1. Among the residues of segment 32-81 satisfying the criterion of being closer than 16 Å to residue 12 by Cα and open to solvent by 90 Å² or more (accessible area, probe 1.4 Å), which is nearest to the chain's Cα centre (by Cα)?
2. Any idea how many residues of segment 28-67 are under 15 Å from residue 7 (Cα atoms) and hydrophobic (A, V, I, L, M, F, W, C)?
3. Are there any helices (runs of 4 or more DSSP H) wholly within the chain with 2 or more residues that are in contact with an Asp or Glu (Cβ under 7 Å, 6 or more places away or on another chain) and at pLDDT 95 or above, and if so which?
Amino acid sequence: MNDQEILQHIGELVDDEHQLYQRAEQKHGLSDDEVARLRGLEVLLDQCWDLLRQRRARREFGLDPNAATPRDATTVERYEA
């Protein structure tokens, strides 16, 4: 997956996330399945952003960006700002 494909995937995930937020406003909440889907989208977004950052860092330091690999959800979700 190249940077453009990752960004496109991020855009699709954000669209799905926004649809769920809109549904939550319209229905005054989400079902348990929708809440789980929203949480899953948040994790996928974090993983995509992490992969994009890895690729950019590798490129910046003259390394092959294609060697970057997605990290598991547990690792990505433990990051602190």
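The values are calculated or read from the model by the stated rules, or taken from the named source; none is laboratory data. The shown structure was predicted, so the numbers you read here are calculated from the model rather than taken from an experiment. Here the Cβ positions follow ideal geometry from the backbone for every residue, glycine too, while neighbour counts run over all protein chains shown. The area values use the complete protein model at the heavy-atom level, side chains included, leaving out ligands, DNA and RNA. Shrake-Rupley method; radii C 1.70, N 1.55, O 1.52, S 1.80 Å.
1. Across segment 32-81, the extreme among qualifying residues is 49.
2. 7
3. Of the helices (runs of 4 or more DSSP H) lying wholly inside the chain, those with at least 2 residues that are in contact with an Asp or Glu (Cβ under 7 Å, 6 or more places away or on another chain) and at pLDDT 95 or above span 32-60.
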